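Below is one structure, written out as structure tokens; comments come after it.
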Amino acid sequence: MVNPGRMTAFRADSSIVYVISPTLSEPQSKSRTHVSKPSKMSKPKLTYFDVRARGELARLVFVAAKKDFEDVRIDFASWPALKAKSTYGTLPILELNGKEYFQGNAIATYLAREHGLYGSNNLEGLMIDQVVDLKEDLLQEEAKTMFGSDADKEAAAKKLPEEIYPRVMKIFAHCIKQNAAKSGFLVGKQLSLGDLAIFEASQGCSKNHPKILDDFPEIKTVREKVASADGVKQYLAKRKDTPI
Ligand SMILES: N[C@@H](CCC(=O)N[C@@H](CS)C(=O)NCC(=O)O)C(=O)O
């Protein structure tokens with residue numbers, strides 16, 4: 001989704017960006033502007049750009065589960081060289097014990113399963129998968145505001161509050177209302193990947209068109225529950241604001 005030709009538009013703050021090596025697993029030379037943290041085999045390493053987009057859901061799972069991970073963020077200018085040597089050619093990538101895995105939602109889902117954030121039965125898992133997929137659909141609409149001609153970007157930006165956000169938020173709210181436990185969470189009585197996905201998916205709407213959420217108190221409740229969850233709260237307090 002991130003177009004290398006437009007990467008400078010999102011160039012990250014050098015103080016918090018780490019550059020990974022062309023192998024996507026070795027620390028970068030200290031002579032470079034950005035320096036990577038040394039990698040420990042036992043600590044999972046998530047590599048993505050310094051934006052939310054397709055990397056944030058996995059990050060949110062890690063912090064909600066209070067699991068230590070290496071949060072590697074590369075700057076866009078470094079990506080073409082890394083891409084040429086990368087097996088998958090896209091980010092995010094999760095490295096676990098020396099093996100690399102790709103596809104952001106698959107990574108987040110795996111981590112949620114590992115850490116008890118994937119509901120308590122297959123139907124709850126299905127509900128979670130639904131909202132994770134809807135988050136992806138919405139991200140594709142939001143991304144249209146950043147790429148293409150100015151006219152296309154303008155049209156996409158107009159469509160978000162007029163059509164996309166009301167339609168998608170209505171579906172998220174409908175899904176939350178299906179929870180028989182009436183806990184305020186998407187499924188059952190505790191936080192899951194589904195809540196994290198709704199939180200992340202509603203971020204742009206909440207920031208840029210907050211009034212739309214007034215019609216969907218269920219989403220506001222999920223957002224409050226996620227934002228106040230131990231681990232997430234501390235992470236959000238330090239998180240950089242990015243357009244996607
Ligand atoms: N379906 C993949 C899509 C991966 C993808 O397109 N990632 C973008 C960033 S969101 C990327 O790596 N762009 C740079 C490129 O394709 O060179 C996923 O969800 O992980």
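Output the peptides 57-63, 157-163, 219-225, 137-143 sorted from most to least packed, where packing is the average of other Cβ atoms within 10 Å over each peptide's residues.
Packing order, densest peptide first, comes out as 57-63, 219-225, 137-143, 157-163.
Using amide H atoms built 1.01 Å from N in the peptide plane, name the residues 5+ places from Glu70, or on other chains, whose amide H lies under 5 Å from its own.
Under 5 Å from the amide H of Glu70: Lys45, Leu46.
Taking Lys225 as the anchor, which aspartates and glutamates have their alpha carbon closer than 12 Å to its alpha carbon, excluding any fewer than eight residues away along the same chain?
Cross-link targets: Asp195.
Go through Lys66/Lys135; Lys45/Lys233; Lys83/Lys211; Lys153/Lys240 and tell me which ones have a Cα-Cα distance over 31 Å in this structure.
Lys83/Lys211
Please give the Cα centre distance for the stretch 76-126 versus the stretch 177-244, rounded to the nearest Å.
21
Please arrange Asp241, Asp75 by how many other C-beta atoms lie within 10 Å of their C-beta, fewest to most.
Fewest to most other Cβ atoms nearby, the residues stand as Asp241, Asp75.
In whole Hz, with x marking every Gly and Pro, tabulate ³J(HN,Hα) for the stretch 126-134 from phi via Karplus 6.51 cos²θ - 1.76 cosθ + 1.60, θ = phi - 60°.
5, 4, 5, 4, 4, 6, 5, 5, 5
With no solvent and one equal point scatterer per Cα, compute the Debye intensity ratio I(q)/I(0) for the stretch 122-228 at 0.11, 0.19, 0.21, 0.23 Å⁻¹ and report its log10, rounded to two decimals.
Per q value, in the given order, log10 I(q)/I(0) is -0.33, -0.88, -1.04, -1.20.
Only the coordinates and a few stated rules stand behind these numbers; no lab work does. Everything quoted here is computed from the prediction, not taken from an experiment. Neighbour counts are summed over all protein chains in view; Cβ atoms, including those assigned to glycine, are modelled from backbone coordinates with ideal geometry.
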